[in-house]
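The values are calculated or read from the model by the stated rules, or taken from the named source; none is laboratory data. Small disclaimer: the values here were computed from a predicted structure and weren't measured. Positions of Cβ are backbone-derived with ideal geometry, glycine not excepted, and every protein chain shown enters the neighbour counts.
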Amino acid sequence: MSDSKENIIICRCNDVTQKEIEELIDAGITDIEEIKRLLRVGMGPCQGRTCIPLVIGIIARKTGRKPEDIPVPATRIPTRPVPMGVLAGDCDEE
Amino acid sequence: MKSEAKTVIIGGGIIGLSIAYNLAKLGAEDVVVLEKSYLGNGSTFRCGTGIRQQFGDEANIRMMKRSVELWKGMKEELGYDVEFKQSGYLFLLYDEEELESFKANVRLQNRFGIPSRIISPDEAKMIVPPLNTEGVIAAAWNHTDGKANPFRAVFAYANAAKKLGVEIYEYTEARDIKVEDGKIRAVLTNRGEIKTGRVINAANAWAPLINKMAGIPVEIPIHPYKHQGIKTEPIKPGQIEPMVISFKHGGVYLTQEANQGGVIGGYELKYGPTYDITPTYEFLRGVSYRFTQLIPALKYVNVIRIWGGFYAETPDHNAAIGRINEVDEFYIAAGFSGHGFMLAPAVGEAVAELIMDGKTDKPLDFYDPYRFERGELRQQAIQMG
């Protein structure tokens, strides 16, 4: 392969590659909240547990910012995927 | 950052960006958009993705008809795929009273060329195979309604606006507006001052704060309510194509995202007025219960997240759009009550026409910001979620 970054999957839930993330940063979109929403990185079933630290690393390297200065996107409940039936059964209605 | 601009738009959501793009398209120069956080963060990125023409009043029907025309051509016009899909809206009806009211809506929609119709529960089941039609006596269906990707739509407008010379400043918060003798002089931000003679308040949930900065003496009641959305893991594509709505189940709405494949939606549970958008367990349980009532097979599907966002509500659930006479060149387009995303293309066009041409053929009178003070509330817009 000519460009190995095409083959490096950063977000394995939504198949986002290192190349796609770097291209977006090169296009001027460097905010993690915007990268997340445009590429859906971190929005799959793992909710970013695997990929967000990697994305922060890429942004830091490409923009010269410190990783600790890049805010981590909000963590959403539930903490891990839960079947809807379990949650519905817990409902007080009817 | 520029120190001077002809027009300053406050709010980098889809409304502000659509107005910016349309102004530049009509030849306006020197337009600046201020966003206090990142683009879309207020309400646009938190919305339920739906785009519908099935309203119960003429103005919203006409505005949405124009919006859908623009949504259809957006990929071509803005040069970026916003994943617009006309997958329809299906309102489930459970009693005669509901049916009569939707029949009247359909008649009105048909008059304006919207091809909505009343269908049987069997037809509804054909459109959405896993649907539970128990108790459903009919449904209101319009196949030209649809959905789009809010994230892509925001960037489509932002990029197209930039190409026409609009400057967009993120993390730039309007802190005050200088007004002298009824004329706007400048907007003060956390990054300095921008001299300007025109401000457009597109801050939706925060619009009252902007009105206050400019000393707008008109009572425009817009209150931020927390609503929430839910998203499941992807399921086999094409099972829940339209937006499915049931008012009998607490204003629940749900659809399967066209490209991601997960089910997304919400219901009427709301908190506020508040600027807190922390998600709640009460919502997670309530929405799961309602989704599984409508689509029982969702019991086996995993929830991956819930999130909060605002409905910037007015008393009649219609936005305040127009010119404010007491402060020269101050405009407002805010208080969309959950309908800003779908309305944005037509609103941007109408507001830009109003500013550039002094008039528009779109029914902006309906959204008159003075109607609250005059006690002329409109018929409540059909709202769900």
Original post:
Which of (1) more than 12 Å from chain B (Cβ to nearest Cβ); (2) under 30 Å from B:Val301 (Cα atoms); (3) not in a helix (DSSP H, G or I) is the odd one out, the single condition A:Arg65 does not satisfy?
Top reply: (2)
Subject >> Residue, farthest from A:Thr30 (Cα to Cα), within segment B:45-86, restricted to residues that are among the β-branched types (Val, Ile, Thr) and within 14 Å of chain A (Cβ to nearest Cβ) >> reply: B:Thr49
**OP:** Collect the residues in segment B:187-225 that are part of a strand (DSSP E or B) and either in contact (Cβ under 8 Å) with a residue 24 or more places away in the chain or farther than 20 Å from B:Gly12 by Cβ (or both), keeping them in residue-number order.
**Re:** B:Val187, B:Thr189, B:Gly192, B:Glu193, B:Ile194, B:Lys195, B:Val199, B:Ile200, B:Asn201, B:His223, B:Pro224, B:Tyr225
**OP:** Give me the pairs, please: first residue somewhere in segment B:33-44 and away from every other protein chain (no Cβ under 11 Å) and closer than 12 Å to B:Ser18 by Cβ, second residue anywhere and surrounded by 24 or more Cβ atoms within 10 Å (Cβ to Cβ) and not basic (Lys, Arg), beta-carbon distance under 6 Å, and either six or more positions apart or on two chains.
**Re:** B:Val33/B:Ile9; B:Val33/B:Gly12; B:Val33/B:Gly16; B:Val33/B:Ala20
Subject >> Conditions (1) modelled with pLDDT of 95 or more; (2) in contact with a helix residue (DSSP H, G or I) (Cβ under 8 Å, 6 or more places away or on another chain); (3) closer than 25 Å to B:Ala203 by Cα; (4) surrounded by fewer than 24 Cβ atoms within 10 Å (Cβ to Cβ): number failed by B:Gln86 >> reply: (3)
Original post:
Could you say which residue among B:Ala124, B:Ala140 is in a helix (DSSP H, G or I) and not assigned by TED's automatic domain parsing to the domain that holds B:Trp206?
Top reply: B:Ala124
Subject >> Selection count where residues are over 16 Å from B:Gly358 (Cα atoms) and in contact with a strand residue (DSSP E or B) (Cβ under 6 Å, 6 or more places away or on another chain), scope segment B:316-326 >> reply: 1
Original post:
Taking the condition in contact (Cβ under 8 Å) with a residue 12 or more places away in the chain and not assigned by TED's automatic domain parsing to the domain that holds B:Ile127, does B:Val351 pass?
Top reply: yes
Original post:
Can you tell me which residues in segment B:248-261 are among the small types (Gly, Ala, Ser), more than 16 Å from B:Val128 (Cβ to Cβ) and free of Cβ contacts under 8 Å to residues at least 60 places away in the same chain?
Top reply: B:Gly250
Original post:
Is one or more of the residues making up segment B:225-248 within 12 Å of another protein chain (Cβ to nearest Cβ), more than 21 Å from A:Gly42 (Cα to Cα) and surrounded by fewer than 23 Cβ atoms within 10 Å (Cβ to Cβ)?
Top reply: no
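Yes/no matrix, rows are residues, columns are (1) under 10 Å from the mean Cα position of the chain (by Cα); (2) surrounded by fewer than 17 Cβ atoms within 10 Å (Cβ to Cβ); (3) in a loop (DSSP other than H, G, I, E, B); (4) more than 14 Å from chain B (Cβ to nearest Cβ):
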position	(1), (2), (3), (4)
A:Ile29	no, no, yes, no
A:Arg37	yes, no, no, no
A:Val41	yes, no, yes, no
A:Pro45	no, no, yes, no
A:Val55	yes, no, no, yes
A:Pro71	no, yes, yes, no
A:Arg76	no, no, yes, no
A:Ala88	no, no, no, no
Original post:
Which of the residues spanning segment B:229-260 are in a loop (DSSP other than H, G, I, E, B) and touching a Ser or Thr at 6+ places or on another chain (Cβ under 9 Å)?
Top reply: B:Ile240, B:Glu241, B:Pro242, B:Glu257, B:Ala258
Original post:
Scanning for something within 13 Å of chain A (Cβ to nearest Cβ) and either surrounded by fewer than 18 Cβ atoms within 10 Å (Cβ to Cβ) or part of a strand (DSSP E or B) (or both), does segment B:288-295 turn up at least one residue?
Top reply: no
Original post:
Out of segment B:306-340, which residues are within 14 Å of chain A (Cβ to nearest Cβ) and either crowded, with 24+ Cβ neighbours inside 10 Å or under 13 Å from the mean Cα position of the chain (by Cα) (or both)?
Top reply: B:Gly309
